[in-house]
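Structure, as structure tokens:
The values are calculated or read from the model by the stated rules, or taken from the named source; none is laboratory data. What you are looking at is a predicted structure, and each value in this text was computed from that prediction instead of being measured. Quick reminder, even Gly has a Cβ in these numbers, built from the backbone with ideal geometry, and neighbours come from all protein chains shown. In case anyone asks, the SASA skips ligands and DNA or RNA and just uses the protein heavy atoms, side chains included. Shrake-Rupley method; radii C 1.70, N 1.55, O 1.52, S 1.80 Å.
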Amino acid sequence: EAFIDRYGEAVDEVNRVLNIARGGGGITVTEGFYVLGLASIIAGAAGSGRAVEPSDADAALHIVSFTIQNVSSSNLVRPVLGALEPLRGKAPHRYLELLASASDIVFLDRDTARYILDELNKVLDNYGDRFKGHAWLLVYAISAYADLLEKHYVNFDDDEVEGMVSRVADLLNELGRFKSSLGVIAWACALVPALYNENVRGLMEEKLGIDVFNRADEVLGKLNKLRKKVQELMRDEEFTS
């Protein structure tokens, strides 16, 4: 909070690091944590009512989404996400990216896993219309729910599990309207918890009217075909997003 008045400098530094990364330098772990500190200043400014540009929130959350998995203790993930929560409405697509990255952390405590689920639902409920037409955002959402179902299943009750599977089914159906190779990636993400967990498998088969094992075979075949089309995919703007 002491640095909120230096919001402009924080934004300049975030963009400087991002430009280095885009120039091919990548982002080191140290730079990532530096930007996490800067992002907390930007979020603090947003939380205090200061006008924060969506592009500033976008840049900060994009870098932090790579950094969150390097947090030394899973007990710190929840406070980090809470500090960045004021940026949710400024760049909901990047906030979704951050949640997807956080859900992939293997050792999350119950409160953190449930917090991520609650935030995922809020993003889709409040900003879902902004995601329509952007296949890659649907993939992030599917991946986030799938990771919660696979890695953190024990932290949720039956109704929450069913709700997540329903969300995944709806997102897969929506993604099916796109003629995008990302659909294959999304199905690969979605099927993992169904292959691991009998309850998730039963729910997914019920919601989508599929046989999980047969669909997994189909997806594997399609993934192998994608491997042979790398150059073509790199010219696909939606895919490279």
Taking 37-49, 133-145 and ranking on average Cβ neighbours within 10 Å, highest first, one gets 133-145, 37-49
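Once you mark the trypsin sites (Lys or Arg not before Pro) that are in a DSSP loop and have at most 15 other Cβ atoms within 10 Å, what is the longest gap between them in the chain? Intermediate values should be presented prior to the final figure.
Working: sites that count: 50, 132, 177, 179, 228, 229, 235.
Of all site-free stretches, the longest is 51-131.
Taking N as the number of residues in the chain, what is its Cα Rg relative to 2.2 N^0.38 Å? Each step should come with its number before you reach the end.
Details: Rg = 18.5 Å, N = 241, 2.2 N^0.38 = 17.7 Å.
Relative to the rule-of-thumb radius for its length, the chain sits at 1.05.
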Nearest 10, in degrees from 0 to 90: the angle of helix 135-151 to the longest Cα principal axis of the chain is 80
In the chain the accessible area split gives carbon plus sulfur, as whole percent at 1.4 Å, a share of 48
Gyration tensor (Cα only) of the range 102-241 to equivalent ellipsoid, semi-axes in Å sorted down, yields 24, 18, 14
Surpassing 21 Å at the alpha-carbon level, of the pairs 207/228; 132/179; 132/225; 179/222; 132/229, are 207/228; 132/225; 132/229
Taking every other residue with Cβ under 13 Å from the Cβ of residue 19 and scoring Lys and Arg +1, Asp and Glu -1, one gets -1
Counting only protein heavy atoms and leaving out ligands, DNA and RNA, the solvent-accessible surface of residue 217 at a 1.4 Å probe, in Å² to the nearest 10, equals 100
Helix 54-67: inclination vs the chain longest Cα principal axis, degrees, rounded to 10, gives 70
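Tell me the per residue accessible area of the range 69-162 using a 1.4 Å probe; a whole number in Å² is fine. Mind showing how you got there, number by number?
Values: 3900 Å² over 94 residues.
I get 41 Å² per residue for the range 69-162.
For the range 30-94, what D do you get in µm² per second when you plug the Kirkwood radius from alpha-carbon pairs into Stokes-Einstein at 4 °C and 1.567 mPa s?
Numbers: Rh = 11.7 Å.
The Stokes-Einstein estimate is 111 µm²/s.
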Quick calc, the chain, dipole around Cα centre from Cβ unit charges on Lys, Arg (+) and Asp, Glu (-), nearest 20 debye, gives 800
